[in-house]
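Novice: Questions regarding the structure given below will be posed in turn.
The values are calculated or read from the model by the stated rules, or taken from the named source; none is laboratory data. Source: prediction; values computed, not measured. Here the Cβ positions follow ideal geometry from the backbone for every residue, glycine too, while neighbour counts run over all protein chains shown. For the accessible areas, the whole protein counts, side chains as well, though only heavy atoms, and no ligand, DNA or RNA atoms are used. Shrake-Rupley method; radii C 1.70, N 1.55, O 1.52, S 1.80 Å.
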Amino acid sequence: YTLCMSNEFSSITPLGDGTFVENIIYPIFADGAENKKALSVTVRQLDDHIISVLDPFRATFELKGYTSKSPSMILDITDPANVLVQMQSTGLGNTEDGTLYYFSDSWYYMQNQITNEPYIPVVMFREGADVRISFPENSMSLYGGVSQKFYTASPFESVLKFTMEDAGVGNIATEEASGAVEYYTLQGLRVENPGRGMVIRVSGGKASKILIK
């Protein structure tokens with residue numbers, strides 16, 4: 001694997017500092033091992049509903065012996081129940097695949113108007129100034145820019161946590177975390193009383209896919 005640098009997104013407003021346990025690409029470079037290190041990150045606000053995470057793949061870069069920063073991660077938090085991660089560079093690549101790009105399956109399905117296949121959404125929670133974004137297992141994918149092949153990413157959950165320096169900055173729309181259990185369709189729509197079938201269960205900051213019989 002080689003290092004593929006890309007231009008950093010120009011940030012506007014510092015939002016807060018936090019930690020990121022990254023398992024989107026780390027297990028691929030660590031022979032399937034789960035990353036359990038919560039490394040420090042800085043989060044910036046690009047507009048009311050777009051945030052940027054600086055150097056999100058530092059754990060993977062350090063594993064590979066790279067000292068440069070990984071490309072920033074851009075998140076669309078318009079819908080806290082379905083945070084969208086557009087296709088963007090990991091900063092890593094190889095001869096066969098070229099640069100590897102990552103994205104949330106929910107973003108891909110919406111872009112391609114796929115409505116008949118299930119996906120697991122990335123979910124955002126907020127309690128006061130504390131924000132938690134969960135990238136559940138199997139919620140992300142990879143794409144080879146040269147090979148044009150798709151690969152499954154995120155074999156383990158990734159968790160981004162940060163505390164906003166100003167709880168009112170940017171009017172960021174998030175949901176208050178609580179002990180209550182909430183249910184969502186596989187398309188990210190909240191339902192009060194789910195019937196039979198596959199749904200997303202959210203409780204205590206954790207999102208999981210369950211089958212109701």
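Novice: For segment 94-110, name all the residues that are of a type in the set (S, T, Y) and either within 12 Å of the chain's Cα centre (by Cα) or surrounded by fewer than 17 Cβ atoms within 10 Å (Cβ to Cβ) (or both).
Specialist: Within segment 94-110, T95, Y102, S104, S106 meet the criteria.
Novice: In segment 128-161, how many are open to solvent by 20 Å² or more (accessible area, probe 1.4 Å) and at positive phi?
Specialist: Here the count works out to 3.
Novice: Scan segment 41-50 and tell me whether some residue there is out of contact with any Gly (no Cβ under 8 Å at 6 or more places or on another chain), basic (K, R) and farther than 28 Å from E165 by Cβ.
Specialist: no
Novice: Of the numbered conditions (1) open to solvent by 60 Å² or more (accessible area, probe 1.4 Å); (2) under 23 Å from P27 (Cα atoms), G91 fails exactly one; give the number of that condition.
Specialist: Against the list (1) open to solvent by 60 Å² or more (accessible area, probe 1.4 Å); (2) under 23 Å from P27 (Cα atoms), G91 comes up short only on (1).
Novice: Out of (1) assigned to a strand (DSSP E or B); (2) surrounded by 14 or more Cβ atoms within 10 Å (Cβ to Cβ); (3) modelled with pLDDT under 70, what's the single condition that is false for L186?
Specialist: Condition (1) is where L186 drops out.
Novice: If you go through segment 106-150, how many residues are in a strand (DSSP E or B) and either of a type in the set (D, E) or touching a residue at least 24 places away in the same chain (Cβ under 8 Å) (or both)?
Specialist: 17
Novice: Looking only at residues that are over 25 Å from Y183 (Cβ atoms) and of a type in the set (A, V, I, L, M, F, W, C) in segment 68-88, which one is surrounded by the most Cβ atoms within 10 Å (Cβ to Cβ)?
Specialist: M73
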